[in-house]
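Chemist: Sharing a structure below in structure tokens format, with a few things to ask.
What follows is calculated from the coordinates using simple rules that are stated; it is not laboratory data. All values derive from a computational prediction rather than experimental measurement. No Cβ is skipped: glycine too gets one built from the backbone with ideal geometry, and neighbour counts run over all protein chains shown.
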Amino acid sequence: MPSITDLAGVRVGHATDRDAATGCTVVLFDEPALGGIDIGGGYASLRQADSLRPGGRVNQVHGFLLTGGSAFGMDAAGGCMAFLEERGVGFPATVARIPTVPTAVLFDLGIGSRDVRPDAGMGYAACVAASRDPVQEGNVGAGTGCTVAKRLGYELAWKGGLGSFAAEAGGFRVGALAAVNALGDVVDPSSGAPLAVARGPGRGWRRPAPEAAAEAAPAKAGLPGSGENTTLVVVCTDAPFDRNQLCHLARMAHDGLALAIRPAHTPFDGDVVFTASTAPRDRIRADDLVLAEVGMAAIEVVAEAIARGVKAARTLHGIPGLAGA
């Protein structure tokens, strides 16, 4: 099955703790890439990400890290930095090489152990495991503790997960990796048919009758709160785009979330899309017509990656998965 590692020079690795229901996933580049970003949710938590915005002065991205553990999971980035520094990878500052590994976190403390979070050791292990093999999906890496369809609380939610997909557009490759931990329901992006919808009488996002809502609602303590939901995405392409184009590509790719998640980009989600171009820097910049074509493909591969991540997720810590136990 096509995945983000179909792109030359892109490797993916995971560190997974299923007992604690957490983990992290790293995307590494054989050669420094140019990156972009767009944030679509209200609760994004990021590290080394400002340099990806238009006007950013750092023109080398050596990898991306998606990690569980909420803000505590930022510690995993130190392991990625150490792994790359040991190999002489990084921006050449005066006295050291500084790796650039933009990082985004998701909240997975609600279903496993809230005291176990990805740390530097897990970040390092994910880098050691990075390969060009087809991406593992479901309960792996950053997808390990993901949940979706949480409008009625964790007790009536479904298991989320990690997914990937890739396609061609305009003579270029575009691939996506998604860790799906959304508040909203997940649907088939092609048909709109429900895949993972909050279970119980108040299922779905149409307002239920008051008596049904009262019957279905779990205790307030079980409801996922602000900042406990997010979908994290990495989109890579070999099209030669500049920083502004990559940020526009990230903005377009958010439409893939809207195709597969109902609703996406809520005030309670921290949805983030990272983008990267692996094209050699001496390539002539692609025009905006190519950007539009690759952007359309990015929408589709992001939506498919989200659906695949949820369909591959297995039951964990009492949260049912579409792939079974």
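Chemist: Among 246, 322, 291, what is the fewest-to-most ranking by other Cβ atoms within 10 Å?
Modeler: Ordered by Cβ neighbours within 10 Å, fewest first: 322, 291, 246.
Chemist: Also, I was wondering about something else. How would 94, 100 line up from fewest to most surrounding beta-carbon atoms within 10 angstrom?
Modeler: Ranked by crowding around the Cβ, least crowded first: 94, 100.
Chemist: Further, regarding this structure: Which whole DSSP H helices in the chain pass both tests: a Cα extent of 20 Å or more along the axis and a mean Kyte-Doolittle value no lower than -0.5?
Modeler: Span-like helices, by this rule, are 243-260, 288-311.
Chemist: Taking the dipole about the Cα centre of the chain, with the C-beta of Lys and Arg at +1 and of Asp and Glu at -1, give me whichever of 64, 135, 179 is farthest to the positive side.
Modeler: 179
Chemist: Further question: Suppose R0 equals 30 Å; then what is the FRET efficiency for residue 114 and residue 85 from their Cβ-Cβ distance, rounded to the nearest 0.05?
Modeler: Computed FRET efficiency for residue 114 and residue 85 comes out at 0.45.
Chemist: Given points 7 Å out from each Cα along the Cα-Cβ axis, report the residue 133 to residue 296 separation in nanometres with one decimal.
Modeler: That separation, rounded to one decimal, is 3.6 nm.
Chemist: If you build the Cα gyration tensor of the chain and take the root of 5 times each eigenvalue, what three semi-axes come out, in whole angstrom, biggest first?
Modeler: Equivalent ellipsoid semi-axes, largest first: 32, 22, 16 Å.
Chemist: Measure off 7 Å from each Cα along the Cα-to-Cβ vector at residue 93 and residue 282, then give the distance between these two points in nanometres to one decimal.
Modeler: Simple spin-label model gives 3.0 nm for this pair.
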